[in-house]
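Taken together, the values in this text are just the output of simple stated rules run on the coordinates, not laboratory data. Just so it is clear, the structure is predicted and the values come from calculations on it, not from any experiment. Here the Cβ positions follow ideal geometry from the backbone for every residue, glycine too, while neighbour counts run over all protein chains shown.
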Amino acid sequence: MVHAHVETEGRTELREIQEKRLRETVERAYENVPFYRERLEEAGVEPGDIESIDDITKLPMTTKEDFRDEYPDGLFAVDDEEVSRIHASSGTTGKPKIVSYTDDDLSVWSEVVARSLKAGGVNPGDTVQNAYGYGLFTGGLGLHYGVEELGATVIPIGGGGTQRQVELMTDLESDALSCTPSYALYLAETAEEMGYDPKELPISTIIFGAEPCTEPMREEIEERLDVNGIDIYGLSEIIGPGVSNECHEAQDGLHIWEDHFYPEVVDPRTGEPVDEGEEGELVLTTLTKEALPVLRYRTGDLTTLNYDECECGRTMVRMDNVTGRADDLLIVRGVNLYPSEIEHVVLDIDGVAPHYRIDLHKEGTLDVMELTIEKDEAFDSDDEDLRKEIMTRLENVLQFTPDDLELVEPGGIARTEVGKVQRVYDHRE
Ligand code: DLL
């Protein structure tokens with residue numbers, strides 16, 4: 001069962017929709033955004049040159065820096081009066097990226113989030129407790145209106161206040177929870193401390209996103225709370241949550257709502273398209289956005305596209321779960337490592353809790369990595385054995401071991417109650 005008929009549309013028909021919408025989007029960007037007109041002219045492209053989807057590669061790419069340079073509204077394609085809502089994504093450095101929506105954009109957003117929820121196994125009539133932060137962050141309001149569009153009930157509790165979340169969830173018999181994966185674990189721990197068995201909580205689905213979640217982390221969430229953990233992906237620059245979502249039937253990749261967002265995957269170093277099925281950086285083009293059309297946006301997120309048929313019947317392409325970003329890459333003593341690779345190895349080991357941090361320092365000219373890992377509640381063996389096992393596995397799988405490995409007691413790593421979790425602290429600058 002799908003939310004919208006187009007989710008099972010034939011690929012040929014879908015392509016026709018995409019082509020028509022791509023032409024309209026390029027036209028809109030060219031006519032209304034001086035930045036895009038200039039970029040297209042530099043590239044020697046006119047809107048009329050874009051006839052088929054394959055012509056998309058003629059278009060220049062848009063980057064995070066372009067959003068920063070055009071701060072606050074240089075990329076907007078409509079007058080202020082037509083803008084119904086503003087959101088912003090706070091980067092760790094510099095100005096936030098400001099994004100805008102017309103009424104129609106907001107309708108599209110609710111629609112794609114409703115599709116996402118339905119794909120994730122949430123149904124009209126269900127109650128969804130929305131624990132994403134409300135405000136400039138797109139998570140809160142994005143999920144909120146999607147739940148309403150689906151015909152489900154939303155509890156707009158927002159982030160934090162975890163004891164209250166647990167109580168309300170129990171009293172109101174919430175069917176689903178939407179939050180970051182790290183918060184789902186924190187909620188499970190809090191429930192335990194309050195004397196609840198997390199498995200007995202009424203929720204059967206968690207719609208998690210906004211930060212990476214490796215497979216061992218997902219298993220931990222599903223097992224601890226006895227839920228289905230469903231991945232929702234999105235980013236402010238494109239719309240917010242609801243660019244793609246896993247279906248509960250297959251739980252094997254996230255269907256991209258391709259009638260609104262056109263995906264490509266490129267080599268992060270060269271920007272050239274990779275072969276089908278190869279990993280690379282996701283590049284997205286909006287196909288219907290009015291206030292902020294975005295051409296070939298380099299998301300920084302690493303994934304692969306899978307055009308195989310899905311058992312759920314949806315025909316829309318699937319992307320792999322995003323477990324890393326091109327700019328997450330750590331270069332430590334000349335070795336290239338993604339934090340998600342370390343997480344994958346470490347969380348698979350018995351005795352380890354899904355909480356860790358990576359600290360990088362300089363000692364003279366040498367990079368030094370300190371890995372701090374929390375022991376699991378059930379762990380009752382020798383620390384030295386666990387330490388050895390972690391080191392051996394890291395060496396065997398990644399040919400890399402940290403300079404210092406510290407094991408801490410359960411609860412020893414600070415939790416993130418609001419916002420996105422931070423696991424890497426690079427003190428080298
Ligand atoms: O995080 C939108 C969102 C809200 C998505 C709620 C899902 C749920 P931004 O703050 O602009 O928007 O951050 C976007 O977060 O480029 C990814 O790097 C990361 N991200 C988002 N969803 C996922 C996910 C929201 N499911 C950036 N898995 C993106 C991994 C994700 N990373």
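A few remarks follow.
- Taking every DSSP bridge with both residues inside the stretch 329-426, close to 60 percent are antiparallel.
- Over the chain: helical MRE at 222 nm, DSSP H runs n ≥ 4 each giving -39500 (n - 2.57), nearest 500: -9500 deg cm²/dmol
- The modelled label-to-label distance between Asp308 and Glu38, using points 7 Å beyond Cα along the C-beta direction, is 4.6 nm.
- Under 12 Å from Lys97, Cα to Cα: aspartates and glutamates that are on another chain or at least 8 residues apart: Glu65, Asp66, Asp69, Glu70, Asp73, Glu237
- Rounded to whole Hz, the Karplus (6.51, -1.76, 1.60) HN-Hα couplings of the stretch 261-272, x for glycine and proline: 9, 9, x, 9, 10, 10, 5, x, 7, 9, x, 7
- In this rough spin-label picture, where each label sits 7 Å from Cα along the Cβ direction, the Glu81-Lys199 distance is 6.1 nm.
- Low-density loop positions, GluC sites (Glu not before Pro), the stretch 305-355 - DSSP coil, at most 14 other Cβ in 10 Å: Glu309, Glu311
- For the peptides 283-291, 38-46, 184-192, the ranking by mean Cβ contacts within 10 Å, running from highest to lowest, is 283-291, 184-192, 38-46.
- For the stretch 29-42, the Karplus equation 6.51 cos²θ - 1.76 cosθ + 1.60, evaluated at θ = phi - 60°, returns couplings of 5, 5, 6, 10, 10, x, 4, 6, 4, 4, 4, 5, 5, 4 Hz by residue, with Gly and Pro reported as x.
- Under 5 Å between amide hydrogens, built in the peptide plane, is the criterion, and for Gly240 it picks out Leu235 among residues at least 5 positions away or on other chains.
- Across the alpha-carbon set of the stretch 240-374, the Rg to Rh ratio works out to 1.05, Rh being the Kirkwood radius.
- Relative contact order [Cα under 8 Å, 6+ residues apart], the chain, whole percent: 14
- Length gained when the stretch Tyr71-Thr12 is fully extended (0.36 nm per residue, less Cα-Cα span): 17.4 nm
- Theoretical FRET efficiency, 1/(1+(r/R0)^6), r = Cβ-Cβ of Arg269 and Glu409, R0 35 Å, to 0.05: 0.25
- Secondary structure note: in the chain, about 60% of the DSSP beta bridges are antiparallel.
- Net +/- balance of residues flanking Val283 in space, Cβ distance below 12 Å, scoring K and R +1, D and E -1: -4
- Calculated from backbone phi, Karplus (6.51, -1.76, 1.60) coupling profile of the stretch 222-229 in Hz, x at Gly/Pro: 5, 6, 5, 10, 6, 9, 8, x
- Lys/Arg +1, Asp/Glu -1 at C-beta; the stretch 329-426 dipole; positive extreme among Ala378, Met391, Ile331: Ile331
- Rounded to 5, the percent of DSSP beta bridges in the stretch 143-278 classed as antiparallel: 45
- Amide hydrogen proximity for Thr315: with H placed 1.01 Å from N in the peptide plane, the residues at 5 or more positions away or on another chain lying under 5 Å are Thr8, Glu9.
- Amide H partners (placed H, <5 Å) of Ile155, local residues excluded: Val128, Gln129, Asn130
- The stretch 329-426: radius of gyration and largest Cα-Cα distance (Dmax), Å: 13.4, 40
- Unsatisfied cross-links (Cα-Cα over 29 Å) in the set Lys375/Lys420; Lys118/Lys375; Lys388/Lys420; Lys20/Lys95; Lys199/Lys289: Lys118/Lys375; Lys388/Lys420; Lys20/Lys95; Lys199/Lys289
- The length gained by stretching the chain between His361 and Tyr425 to full extension, at 0.36 nm per residue less their Cα-Cα distance, is 22.2 nm.
- Fully extending the segment from Glu31 to Met391 would add 123.8 nm, taking 0.36 nm per residue of separation and subtracting the current Cα-Cα distance.
- Taking 1.002 mPa s as the viscosity and 20 °C as the temperature, the Stokes-Einstein diffusion coefficient of the chain based on its alpha-carbon Kirkwood radius rounds to 94 µm²/s.
- Residue-count net charge about Leu329 - beta-carbon cut-off 12 Å; Lys, Arg +1, Asp, Glu -1: -3
- Working from label points 7 Å from Cα in the Cα-to-Cβ sense, the Gln399 to His248 distance is 4.4 nm.
- On Cα atoms only, tilt of 383-398 relative to the major axis of the chain in degrees: 30
- Using bins of 5 Å that start at zero, the share of Cα-Cα pairs per bin across the stretch 40-91 amounts to 4, 14, 19, 18, 17, 17, 10, 1, in whole %.
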